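K.L.:
Below: one structure in structure tokens.
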Amino acid sequence: MQPVLQSCADQPIDSLENTVRPTAASGIRRWSGVRIAFAGAGVLILTGCAAPPGPDLSPRITADDARTHVAYLASDEMEGRMTASRGSHRAGRYIAQRLTDAGVAPAGDADTYFQAFPYQGRHGRNVIGMLPPTNGGDEYVLIGAHYDHIGFGEIESRASEDERDSIHNGADDNASGVAVVLELAAAYGAERSPDQAPRRGLIFALWSGEEVGVLGSTHFAANPCVPIEQIVAYLNFDMVGHLKDNTLVVQGVGSSPGWGRWLERRNIPAGFNLRTQEDPYQPTDIIALYPKGVPVLGFYTGLNDLYNTPHDDPDTLNYEGIERIASFAKSIIDSAAGDVARLAYFEMPMEKATSPDRPVSTGTIPDYASGDVPGMRISGVRKGGPAEQAGIQEGDIIVEFDGHKIGDATDYQEALAGAKPDVTVDIAVLRDGERLVLKITPVGR
Ligand SMILES: [Zn+2]
């Protein structure tokens with residue numbers, strides 16, 4: 001007999017047949033490290049793949065569980081989770097199994113966890129589950145994160161030339177956010193009991209198609225599993241794996257007059273250095289839900305040098321930080337789900353945002369190790385990008401962009417959100433203590 005090592009026994013990637021359905025409480029573990037099967041005339045096939053973890057996960061929010069999720073989702077076997085790829089379907093099945101284990105019911109197409117949307121002649125798949133309301137009502141809080149990434153660097157890769165076709169594992173972007181949502185699902189699933197306090201239902205959504213233009217969440221917003229008016233709030237987690245200096249960015253706070261007070265109150269025990277941003281028009285999945293009348297919040301720990309490179313790997317993340325962010329978010333979800341009054345929606349004009357999808361790019365690489373220097377220090381510029389063409393150099397500190405004072409990288413992102421592609425503006429940098437004003441022409445992404 002000839003042993004044949006075969007990759008994970010994947011079924012056709014563009015079918016919804018291989019759906020995971022909820023199983024009995026004991027849980028049928030679909031996963032096993034090595035399965036042995038006999039195929040045809042005595043050919044032994046070893047279907048070897050990293051055993052997706054599961055049975056040992058706890059029903060509480062823990063750093064260890066988050067690490068387990070990220071280790072699997074950001075392993076090479078997921079091949080960078082490009083939308084509609086084999087690797088992303090593998091990741092989707094893992095996520096569906098975790099929702100099953102949490103006791104979360106399927107809320108995708110045809111009684112499955114998967115919601116398909118068209119992508120380049122194939123299908124991407126959202127993974128969606130729900131816990132029904134316990135207050136007899138029909139309202140829900142939506143909790144989500146995108147699980148797709150950029151595959152082998154097909155789009156917007158920042159890999160160096162010699163690493164161009166490497167797998168981009170996307171541990172921070174966005175296995176970290178998926179880990180938060182799966183931990184919340186496990187915690188809420190375990191809390192459910194007949195004597196539980198009344199509250200709204202919870203929908204857990206893991207989106208695909210984000211990197212290629214927020215396709216999955218946009219599809220959901222047009223085809224939601226419950227009428228969109230019944231969704232009272234959306235909390236999004238995109239890149240939450242690099243909590244540093246205790247600083248947590250929360251975007252979209254302007255989408256409801258209620259958010260600010262809640263965040264402040266809930267942050268007293270949590271103790272983050274919170275950086276709130278009003279603008280809900282961000283290049284992540286909140287932009288799909290906000291225009292539908294849903295108050296949104298986006299949790300984010302900031303950019304870093306590993307972003308969209310093949311080095312965004314599991315061993316670089318701050319898992320204690322992920323645990324703290326998930327616990328903080330849970331306290332806010334408790335309010336959104338449990339408060340009698342529904343959170344108010346605030347409609348903010350899109351005047352500052354140039355396009356509903358992506359902000360412009362200037363090709364700068366921020367130096368996050370620069371500490372307390374006011375301004376945004378640059379650790380490099382992308383070859384041929386606008387910053388290089390403007391004459392910006394490594395070590396420069398950006399202090400002003402198109403009239404906006406830049407105190408740090410977050411200010412810079414906000415300034416970019418108001419910039420238009422192909423329109424030249426002034427950019428002021430400090431170089432060796434001297435202020436230089438240069439001309440830069442951002443490009444569209
Ligand atoms: Zn992302």
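K.L.:
In this structure, does V429 turn out to be surrounded by fewer than 16 Cβ atoms within 10 Å (Cβ to Cβ) and modelled with pLDDT of 90 or more?
P.N.:
no
K.L.:
If you check A197, A186, which single one turns out to be more than 16 Å from the ligand (Cβ to nearest atom), part of a loop (DSSP other than H, G, I, E, B) and either without any contact (Cβ under 8 Å) to a residue 24 or more places away in the chain or touching a Ser or Thr at 6+ places or on another chain (Cβ under 8 Å) (or both)? Spell out the reasoning first.
P.N.:
On the way: A186 fails: part of a loop (DSSP other than H, G, I, E, B).
After applying the criteria, what remains is A197.
K.L.:
Evaluate the stretch 230-240: report whether one residue or more is within 13 Å of the ligand (Cβ to nearest atom), polar (S, T, N, Q) and part of a strand (DSSP E or B).
P.N.:
The answer is yes; a qualifying residue exists.
K.L.:
Could you tell me whether any residue of the stretch 264-279 is more than 15 Å from the ligand (Cβ to nearest atom), small (G, A, S), surrounded by fewer than 20 Cβ atoms within 10 Å (Cβ to Cβ) and within 21 Å of D408 (Cβ to Cβ)?
P.N.:
Within the stretch 264-279, one or more residues are more than 15 Å from the ligand (Cβ to nearest atom), small (G, A, S), surrounded by fewer than 20 Cβ atoms within 10 Å (Cβ to Cβ) and within 21 Å of D408 (Cβ to Cβ).
K.L.:
Filter the stretch 335-382 down to the residues that are among the aliphatic types (A, V, I, L, M) and surrounded by fewer than 18 Cβ atoms within 10 Å (Cβ to Cβ), then identify the one that is modelled with the highest pLDDT.
P.N.:
A344
K.L.:
Could I ask something else about it? Of everything in the stretch 201-213 that's at pLDDT 95 or above and touching a Phe, Trp or Tyr at 6+ places or on another chain (Cβ under 8 Å), which residue is farthest from the ligand (Cβ to nearest atom)?
P.N.:
G201
K.L.:
Any residue in the stretch 209-223 that's assigned by TED's automatic domain parsing to the domain that holds Y281: show its pairings with residues that are part of a helix (DSSP H, G or I) and away from the ligand (no atom under 16 Å from the Cβ) at Cβ separation under 7 Å, as long as the two are six or more apart or on different chains.
P.N.:
Close Cβ pairs (under 7 Å, with a partner that is part of a helix (DSSP H, G or I) and away from the ligand (no atom under 16 Å from the Cβ)) amount to A221/I228; A221/K292.
K.L.:
Would you mind stating whether G92 is in contact with a Gly (Cβ under 7 Å, 6 or more places away or on another chain), in a helix (DSSP H, G or I) and at pLDDT 95 or above?
P.N.:
When the stated conditions are applied, G92 does not pass them.
K.L.:
Restricting attention to the stretch 142-163, and to residues there that are aliphatic (A, V, I, L, M) and under 21 Å from R86 (Cα atoms), which single residue is surrounded by the most Cβ atoms within 10 Å (Cβ to Cβ)?
P.N.:
Here the residue is A145.
K.L.:
Quick one: would you say Y281 is farther than 20 Å from I322 by Cβ, assigned to a helix (DSSP H, G or I) and within 18 Å of the chain's Cα centre (by Cα)?
P.N.:
Considered against the rule, which asks whether it is farther than 20 Å from I322 by Cβ, assigned to a helix (DSSP H, G or I) and within 18 Å of the chain's Cα centre (by Cα), Y281 comes out as no.
K.L.:
Pick out the one residue from Y307, Y281 that is aromatic (F, W, Y) and within 29 Å of D109 (Cα to Cα).
P.N.:
Matching residue, one of Y307, Y281: Y281.
K.L.:
Also, quick follow-up: Identify the residue in the stretch 280-305 that is small (G, A, S) and within 11 Å of D238 (Cα to Cα) and, among all such residues, is surrounded by the most Cβ atoms within 10 Å (Cβ to Cβ). Spell out the reasoning first.
P.N.:
Going residue by residue through the stretch 280-305, those that are small (G, A, S) are 288, 293, 298, 302.
Those still in the list that are within 11 Å of D238 (Cα to Cα) too: 298, 302.
Numbers: G298: 28, G302: 22.
Selected residue: G298.
K.L.:
Quick one: would you say A187 is out of contact with any helix residue (DSSP H, G or I) (no Cβ under 6 Å at 6 or more places or on another chain) and within 30 Å of S58 (Cβ to Cβ)?
P.N.:
Answer is yes for this residue.
K.L.:
From the list D165, D138, which residue is more than 27 Å from N223 (Cα to Cα), more than 12 Å from the chain's Cα centre (by Cα) and either more than 16 Å from the ligand (Cβ to nearest atom) or modelled with pLDDT under 95 (or both)?
P.N.:
D165
K.L.:
Given the criterion over 17 Å from N223 (Cβ atoms), within 18 Å of the chain's Cα centre (by Cα) and surrounded by fewer than 24 Cβ atoms within 10 Å (Cβ to Cβ), identify the matching residue among R86, R93.
P.N.:
Just one listed residue meets the conditions, R93.
K.L.:
Could you tell me whether T301 is over 22 Å from G418 (Cβ atoms) and of a type in the set (S, T, N, Q)?
P.N.:
When the stated conditions are applied, T301 passes them.
K.L.:
Something else: For residues in the stretch 405-422 being within 28 Å of the chain's Cα centre (by Cα) and without any contact (Cβ under 8 Å) to a residue 40 or more places away in the chain, which is nearest to M376 (Cα to Cα)?
P.N.:
Taking the candidates together, the pick is D408.
The values are calculated or read from the model by the stated rules, or taken from the named source; none is laboratory data. No experiment lies behind these values; they were computed from the predicted model shown. Neighbour counts run over all protein chains shown; Cβ positions are idealised from the backbone, glycine included.
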